[in-house]
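Participant: Got a structure here, written out as structure tokens. Questions coming.
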Amino acid sequence: MNKNKITKALLVSLGLTFSATSFNAIAADVPAGTKLAAKQELVKGNGSEVASIDPHKTQGVPESNVILDLLEGLVTQDAEGNTIPGVAESWETTDNKTFTFHLRKNAKWSNGDPVTAHDFVYSFQRAVDPATASPYSWYLDMTTMLNASDIIAGKKDKSTLGVKAIDDYTFEVKLATPVPYFVMMMGHTTMMPVHQATVEKYGEQWTKPENFVGNGAFVMSKWVVNERIEMTPNKYYWDNDKTVLTKVTYLPLENYVAEMNRFLAGEIDMTYDVPNEHFKRLKKEHAESLAIKGDLCTYYYSLNTHKPPFDDLRVRKAVSYAVDRDVIAKFLLGKGEKPAYGLTPEIVAHFDPVLPPYAKLTQKERNAEAKKLLEEAGYNAANPLKFSLLYNTSENHKKLAVAIGSMWKKTLGVEVTLENQEWKTYLETKNQGNFQAARASWCGDYNEASTFTSLMEGNNTTGGVHYKSAEYDKLTEQAILSTSEEERQKLYYAQEALLAKDMPIIPIYQYVKARLLNPHVGGYAHHNAEDKNYSKNMYIIAD
Amino acid sequence: MFTKKQNVEAVEAFSSNLEIQGRSLWQDARIRFMRNKAAMVSLVILVLIVLAVIFVPMVAEFAYDDTDWYALHEGPSATHLFGTDSLGRDLFVRTFIGGRISMMVGVLGALVAVIIGTVYGATSGFIGGRVDRIMMRILEILYAIPFMFLVIVLVTFFGRNIVLIFVAIGAIAWLDMARIVRGQTLSLRGKEFIEAAHVSGVSKWNIIRRHIIPNVLGIVAVYSTLLVPSMILTESFLSFLGLGVQEPMTSWGALLQEGAQSMEVAIWQLGFPAAFMVVTLFCFNYIGDGLRDALDPKDR
Amino acid sequence: MFKFILKRVIEAIPTLLVLITVSFFLMRFAPGSPFSSERELPPQVMQNINAKYGLDKPVFEQYTTYLTNVLQGDLGPSFKYQDFTVNELVVAALPVSAKIGAFAFIFALVCGVAIGTIAALKQNTWLDYGLMSTSMLGIVMPSFVLAPVLIYIFSIGLGWFPAGGWFDGSLKYMVLPVLGMAMMYVATFARITRGSMIETLNSNFIRTARAKGLSFSYIVLRHALKPAMLPVVSYMGPAFVGIITGSVVIETIFGLPGIGKLFVNAAFNRDYSLVMGITILIGLLFIVFNAIVDILLAYVDPKIRY
């Protein structure tokens, strides 16, 4: 093992291009025959600046990208998005309520300390501790971990959380209700461990590069806010021999055109996104650099069922039917997005819903139906339907709002006022229900339908509160209690069917993740629906 | 340029009766402005643009919000003279209709800036002493207050309202102007003719009105033409915050912003609105120069 | 001079106090919270976060606490960039913007004054129109157009300069941002200089000097330039502060870690403490540079007294 490592270092540093069989012994994920480049440095665009690299303070995607390289949870994901062992080598459960994880003995922190079950006990407790005030503490509540909810509410002490270190390498979690997909949920950033001694020693300062101790494949070496985060391999990482990259850089680039330009100037290997308007040109001129995959997100318009005119089901249905989703997906977006007829995207694992009846009609039939419904509701040329559509400022949202507004105007004679607000104002307006129709979207936290369906539950202040359906909530309860996967899927389908019937939202399209990826980058997770791209699996191919 | 006789008359008028002097100054200015070729040509072009902006959208073939899914990002052609945007909307009509709000914001914003800035700056500089210091400290506070929050709060409390655009733009536009005018005034205050007026018992306000302001108008005219483009761009930032024009209506600032995002794929989306804006601003520029020359009280 | 400075320092205190107070409450009137997000947090979680950052207390109490901390030089932790304090963020970002700004400012001032002077001397000739029209382009072409054009030509096309990044401010990373920032100010300085120079050249003392038979270039440099600089100097205060506190457009496009981007992001994120911190910084800069400008004004025109 050790010898191989030296060989690798030598080869890499000399830039020799041996037949790669010798590499295969070391870096198992690099396919045979691949010639590695001498310089193994990767530069990734990362959207916006990370709010924090403390897993218990974050909630965004850019943060998650960085943390996945710095910390490793009980489980991680492979390139296809399957859950695979992380710090835990194996796990078992008999009733989906008590889970026992067996940790690998060679897992180490970046200062050489072993990663033990006690670290996970500490970290999970820290995540729900009101003093930590983690924004994603509700995620633990969603796993129904014993007492999580009461601890967050300050009713119980954090030590009562349903976690236990049976010994240094055996970790047990107890849930209140059976959650069959619990193990998969452990891949989320909020479930990452933190190093107790470091956190306690440095307090809020523990995430500074000079203090940071992690157990992931990389450690942070430099952090300039709003410019770059640099990482180098963690030599104590249990699987470090497989790490090929010697340096990973994350750049917070908010402007996708600027990001694209830097990619084209050769300064970035992998972008965060692609500017919509440029997609066609890039496809023509840089087809080899485009990487597109399905994404675990849905774009939809939320209708306020408690306010006129959308308290009338016929009106909700009419405006939903009149949206030509094919035009949007094909012409206006055109990156491979699919029309959406439900809240949960089809890419979600084991999720294969029956399309609602209206999805099977042609657009012409839908328009006719929509006109009929609207007339029944009492709207016509003399008394046109008027409402305002709220969206947050962004080129993409603006474009779709204008397009859909124009569809409504043309087919139904509806007069729509577009109302854009900057992000935080928009959130406030939307959450307080001061809207008639509003843009929204959601990306799954884990690859299971409940991460979407839970949005429309009556107590969800973002989505369901403007819907409040007892029937829907009952289905949720049944799904949580159901023990068979098949039965649960059926309940999710029933929820989707209910959404199509009540139409509290207008599903519009299912996202794809498109980015520019330099062809010399290998190991990119082309099929990971959650877009988790672990840098440890990536490498640079020689030109 | 003027005969000696006129010159003498002007001096006489100045010394004998300040009231008449005030009137003849404006007449002089008008005559001199009319003789400035560049300024007059610019004025004519500007009037033409204004007329086009008002009337072209009324008679154009397409409406500004007509989408066409089969003509996305089409280059200029006989049907779409200026091409189409990413939703297939005709840019010809959008460019003209966008000029409405932009011209209005540009001119009115600059006007607000000129009026408030000049009066504030002249008052502060002329009175001087403690008043000047307090007025300048207020200016510093206004400079540093986060403008974005001002706009957001305005929108939250008063909703979306076209008047608010001018309030918001006017609120920041005059600050630089006030600083410049004050600087000029400080220098003018030491001049003999001001002291003369002072001695002969003219009130402070009248000195500001009759002597200081006419003498700073030259630099004001120059600087206000510089303000027009920044007003037009500020307007597009305001719509970013939810104030200002909303889609599908548009403005030059918004068109430019959109065009800049896609200039490699649809240069016409940037080019046509930009060309109109450039021509308009050049016109303003030369008119500003003409005004400066015309308003210079020394130059007669 | 000493008295002047002392006066200004004393005046700065109430000025800043008013600024802090107005900004603080203005910000709190704005809708949205630092911790609101796409999926609204459950009330319990929100309550924990608010308690941690003291946002659960009455606004006035938050204000007095903030004021006390500021007096001790502590601007508090950033609400958005939770791993950093406001002091750390500002100290890291200011030099970036200041360095680019200073270069851009000097470049703009020198070019602008030179262009403006030449144009004034050749008033209403083709040289005048040519120079002023070219420099006008800098004003008409907003930085969000200019910067991508620069990148397109010099980075993607010619490959001379990088398309972005800071890398501790090495020279080649600064060229394009400095250019992108300076163009607008070049034109502004040129326009103001030209206008003022024409006015000065028409004034009596210049006529006297010319009547005495002094050489024209001597008159311009020796007699006209200084008084003609008066409005330029007045404009310099706000311009300098504006330019060294960075441009959000330039910083976003070139990926620079400067104050401009930090500030705008802070405002969008409702990062209360960071917005306040930068507001105070900008206020301070205005106070300092306006004082310097006032000293300069008195130097340009010795008759000016305060």
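Participant: Positive end of the charge dipole of segment B:172-300 (Lys, Arg +1 and Asp, Glu -1 on Cβ, about the Cα centre): tell me which of B:Ser200, B:Val279, B:Leu291 has its Cα farthest that way.
Facilitator: Final value for the positive-end residue is B:Ser200.
Participant: Using a Förster radius of 51 Å, what is the FRET efficiency between A:Ala368 and B:Leu51 based on their Cβ-Cβ separation? Nearest 0.05, please.
Facilitator: 0.70
Participant: Here's another thing I want to ask about it. Given charges of +1 on the Cβ of Lys and Arg and -1 on the Cβ of Asp and Glu, with all other atoms neutral, how large is the dipole of chain A about its Cα centre, in debye to the nearest 20?
Facilitator: For this selection, approximately 1120 debye.
Participant: If the limit is 19 Å between Cα atoms, which of A:Lys338/A:Lys468; A:Lys532/C:Lys261; A:Lys317/A:Lys409; A:Lys335/A:Lys410; A:Lys280/A:Lys335; A:Lys57/A:Lys242 go over it? Provide the component values of the computation, followed by the final result.
Facilitator: Details: A:Lys338/A:Lys468 28 Å; A:Lys532/C:Lys261 28 Å; A:Lys317/A:Lys409 16 Å; A:Lys335/A:Lys410 26 Å; A:Lys280/A:Lys335 8 Å; A:Lys57/A:Lys242 30 Å.
Beyond 19 Å between Cα atoms: A:Lys338/A:Lys468; A:Lys532/C:Lys261; A:Lys335/A:Lys410; A:Lys57/A:Lys242.
Participant: Another question, if that's okay. Mind putting together the pair-distance distribution for segment C:1-148? All Cα pairs, 5 Å bins, whole percent per bin, short to long.
Facilitator: The percentages, shortest bin first, are 2, 6, 9, 12, 12, 11, 11, 10, 10, 7, 5, 3, 2, 1, 0.
Participant: Order of A:Trp109, B:Trp26, C:Trp126, A:Trp206 from fewest to most other C-beta atoms within 10 Å? If you can, show how the numbers build up before the last one.
Facilitator: Working: A:Trp109 25, B:Trp26 12, C:Trp126 8, A:Trp206 19.
So the residues, fewest neighbours to most, are C:Trp126, B:Trp26, A:Trp206, A:Trp109.
Participant: In what sequence do C:Asp83, A:Asp352, B:Asp68 fall when counting other Cβ within 10 Å, fewest first?
Facilitator: So the residues, fewest neighbours to most, are A:Asp352, B:Asp68, C:Asp83.
Participant: Just grab the label-to-label distance for A:Glu486 and B:Asp68, each label 7 Å out from Cα along the Cβ direction, in nm (one decimal).
Facilitator: Output for this residue pair reads 5.6 nm.
Participant: Treat every Asp and Glu Cβ in segment A:249-375 as -1 and every Lys and Arg Cβ as +1, leave all other atoms uncharged, and give the resulting dipole magnitude about the Cα centre to the nearest 20 debye.
Facilitator: Its charge dipole is roughly 640 debye.
Participant: Another question, if that's okay. Specify which residue in the list A:Pro233, A:Leu296, A:His286 is farthest towards the positive end of the charge dipole of segment A:229-298, using unit charges on the beta carbon of Lys, Arg (+1) and Asp, Glu (-1), about the Cα centre.
Facilitator: Farthest along the dipole direction, towards plus: A:His286.
Participant: In a shell of Cβ-Cβ distance under 13 Å around A:Lys156, excluding A:Lys156 itself, what net charge do Lys and Arg (+1) and Asp and Glu (-1) give?
Facilitator: Net of charged neighbours comes to -2.
Participant: Right, another one. For the residues C:Ser196, B:Ser224, what sequence is obtained by ranking on other C-beta atoms within 10 Å, fewest first?
Facilitator: B:Ser224, C:Ser196
Participant: Right, here's the next one. Treating only the Cβ atoms of Lys and Arg (+1) and Asp and Glu (-1) as charged, compute the dipole magnitude of the protein assembly as shown about its Cα centre; round to the nearest 20 debye.
Facilitator: Values: 106 positive and 106 negative charges, 936 e Å.
Roughly 4500 debye, rounded to the nearest 20.
Participant: So if R0 is 60 Å, what FRET efficiency would A:Glu376 and C:Asn87 give, r being the distance between their Cβ atoms, rounded to the nearest 0.05?
Facilitator: E between A:Glu376 and C:Asn87, to the nearest 0.05, is 0.40.
Participant: Let me know the volume per residue of the alpha-carbon convex hull for chain A, in Å³.
Facilitator: Values: hull volume 83.1 nm³, N = 543.
Per residue, the Cα convex hull of chain A comes to 153 Å³.
Participant: Suppose R0 equals 41 Å. What FRET efficiency, 1/(1 + (r/R0)^6) with r the Cβ-Cβ distance, do A:Ser388 and C:Ile13 give to the nearest 0.05?
Facilitator: So, using R0 = 41 Å, E works out to roughly 0.30.
Participant: Each label point is 7 Å from the Cα along the Cα-to-Cβ direction; what then is the distance between the points at C:Gln72 and A:Ala497, in nm?
Facilitator: 6.4
Participant: Let me have the 222 nm mean residue ellipticity of the protein assembly as shown computed from DSSP H runs of 4+ only, each contributing -39500 (n - 2.57), with the sum over all residues rounded to the nearest 500.
Facilitator: Working: 43 runs with 608 residues, N = 1149.
Mean residue ellipticity, 222 nm, calculated: -17000 deg cm²/dmol.
Participant: To the nearest µm²/s, what D does Stokes-Einstein give for chain B at 37 °C and 0.692 mPa s, using the Kirkwood radius over alpha carbon pairs as Rh?
Facilitator: Using the Kirkwood radius from Cα pairs, D works out to 152 µm²/s.
Participant: Name the residue from C:Phe107, C:Leu121, C:Leu94 whose Cα lies farthest towards the positive end of the charge dipole of segment C:49-124, charges +1 on Cβ of Lys and Arg and -1 on Cβ of Asp and Glu.
Facilitator: The listed residue farthest towards the positive side: C:Leu121.
Each reported figure results from applying straightforward, stated rules to the coordinates on display, with no laboratory input. Just so it is clear, the structure is predicted and the values come from calculations on it, not from any experiment. We place every Cβ from the backbone using ideal geometry, glycine too, and count neighbours over all the protein chains shown.
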